[in-house]
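Chemist: Below you will find the structure I want to go over with you.
The values are calculated or read from the model by the stated rules, or taken from the named source; none is laboratory data. All values derive from a computational prediction rather than experimental measurement. Cβ coordinates were reconstructed from backbone atoms using ideal geometry, including for glycine residues, and neighbour counts include every protein chain displayed. Ligands, DNA and RNA are stripped out before the accessible areas are found, and what is left, the full protein with its side chains, is counted by its heavy atoms. Shrake-Rupley method; radii C 1.70, N 1.55, O 1.52, S 1.80 Å.
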Amino acid sequence: MDEMDYSHANARIRAMKSRLLDQQLLDELANKPDIDALIVALEETAYRTELQKAGIEYTGILQVETALRRDLVNTFQKILRFFREEEEKISIRIILNRWDLQNIKTILRGKKINAHHDEIQENLVPAGELDYAALIELAQQPDIRAVIDLLATWRIEYARPLTRKLQEYLEIRDLSILEFAMDRFYFENARFALTGGDNYSQSIVLELLKTEIDVANIRMVLRVVRDRIHVEEPGDYLIEGGKYLPHDLLVQMMAARSIEEVVKELIQTPYAFLAEVNREDIVLERISVLERELERFMIKKGCSSFLKDPLSIAIPVGFIWAKQNEITNIRIIARSIMGQVPETEMQRVMTHV
């Protein structure tokens, strides 16, 4: 894609960025007394159209969730339309396909705990290749095997790693077997698609992807150590191609006797911030707290793409991360208001960039 194409697309994305909610407005939303007051305030923002459309079918939290989901999907589809050349669409699609990964995981988790399909559907965001109709059909399948069979019938690429690991899952009933197989498949395919050629835009996406691999590996190490899993072959648990953490260090961390030891091993790396987590959470091995910090690090890394070459894919990449984070923050606010969660607790789980 030549510079003229980029400057045109990026000018339009900058205009969209200007409509993102600032810190002050998010704080005002967080202070709303109830969900109706939140909806009134959101109707003064770029979410107005989707809120009004959703208001025809729903009220309260369902109206907010539906509007946010539709707005996110419409926004990402609009960004894809800005780019005409397939080479550039590949990079954008790789980022958006993370939603397919997340949606399939959400469906599998729902099936594992026998959640009602309506409950599963509320947590689906059709921003990847799988549209809402397809996701609803998957959510309505009776069990995990049926979900995987339907994916295979549709020739969805994630059916391959899932089918390969289905028998192992059925024997142990540990969902992380399937989730890890999907993660590895996604990252390996994405790395292959982005490697080769001297393309600056692809290198921006590849760098983010490698950091995500690090984060996925740290999460796996935390789980192995917390659950005292006996690991014979570390390669079965790790994804290759991370940015900062060599394979040897990850293997060493996997052999740690506590989460505290794992965190100490990371002090000489860019993930040293995990040592700043409340010590009690580390000692009691509350890995969800550490995972939230890793997620926050990843969001900030993604949004920092805005600071790179303005005539490259950096602008849409930064915007996708920022938009996704904004929607997550508004959902946290809406659910916290519904659950009467104290504002300090609400702010603790939000990510500000």
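Chemist: What order do T344, T45 take when sorted by accessible area (1.4 Å probe), most exposed first?
Modeler: T344, T45
Chemist: Just subtract the alpha-carbon distance of N74 and N114 from 0.36 nm times their residue separation and send over the number in nm, one decimal.
Modeler: That works out to 11.3 nm of additional length.
Chemist: Extension gain E291-R14, at 0.36 nm per residue separation less the Cα-Cα distance, in nm?
Modeler: So the extension gain works out to 96.7 nm.
Chemist: For a quick check of your reading of the filter: which chymotrypsin sites (Phe, Trp or Tyr not before Pro) in segment 90-194 sit in a DSSP loop and have no more than 15 other Cβ atoms within 10 Å?
Modeler: Sites meeting the loop and neighbour criteria: W154.
Chemist: Report the extension gain between D22 and D36 in nm, rounded to one decimal, defined as 0.36 nm multiplied by the number of residues separating them, less their alpha carbon distance.
Modeler: So the extension gain works out to 2.9 nm.
Chemist: Right, another one. How would the chain be classified by its alpha-carbon gyration tensor: rounded, prolate or oblate, with rounded meaning a/c under 1.5 and the a/b versus b/c comparison settling the rest?
Modeler: It is rounded, given that a/c, with a ≥ b ≥ c, falls under 1.5.
Chemist: Need one word for segment 185-245: rounded, prolate or oblate. Basis is the Cα gyration tensor (sqrt eigenvalues a ≥ b ≥ c); a/c below 1.5 gives rounded, then a/b vs b/c decides. Spell out each step's value before the answer.
Modeler: On the way: a/c = 3.71, a/b = 2.47, b/c = 1.50.
The shape class here is prolate.
Chemist: Sticking with this one: Take the alpha-carbon centre of segment 49-120, take the same for segment 212-244, and report the distance between them in whole Å.
Modeler: One Cα centre to the other: 28 Å.
Chemist: Kindly provide the trypsin sites (Lys or Arg not before Pro) of segment 256-353 that DSSP labels as loop, not H, G, I, E or B, and whose Cβ sees at most 14 other Cβ atoms within 10 Å.
Modeler: When the trypsin sites (Lys or Arg not before Pro) of segment 256-353 are filtered for loop state and at most 14 Cβ neighbours within 10 Å, R257 remain.
Chemist: Moving on. Under DSSP H, which helices of the chain have Cα atoms covering 30 Å or more of the helix axis and a Kyte-Doolittle average no less than 0.5?
Modeler: Going by DSSP H runs, the hits are 200-226, 314-338.
Chemist: Taking H placed 1.01 Å from N in the peptide plane, check which residues at least 5 places from Y47 or on another chain put their amide H under 5 Å from its amide H.
Modeler: Residues meeting the amide H criterion: none.
Chemist: For the chain, what does the helix formula give at 222 nm: sum of -39500 (n - 2.57) over DSSP H segments with n ≥ 4, over the residue count, nearest 500 deg cm²/dmol? Please report the intermediate quantities before stating the final value.
Modeler: On the way: 19 runs with 242 residues, N = 353.
That comes out to -21500 deg cm²/dmol.
Chemist: Which trypsin sites (Lys or Arg not before Pro) in segment 42-137 sit in a loop by DSSP (not H, G, I, E or B) and have at most 12 other Cβ atoms within 10 Å of their own Cβ?
Modeler: Passing sites in segment 42-137 are R84.
Chemist: Rounded, prolate or oblate: which one fits segment 39-158, using the alpha carbon gyration tensor with axes a ≥ b ≥ c (rounded when a/c is under 1.5, else prolate when a/b beats b/c, else oblate)? Could you put the intermediate results ahead of the total?
Modeler: On the way: a/c = 2.78, a/b = 1.15, b/c = 2.41.
Here segment 39-158 falls in the oblate category.
Chemist: Here is a further query. Given R₀ = 25 Å, what would the calculated FRET efficiency be for R48 paired with F192, taking r from the Cβ atoms and rounding to 0.05?
Modeler: FRET efficiency, R48 to F192: 0.05.
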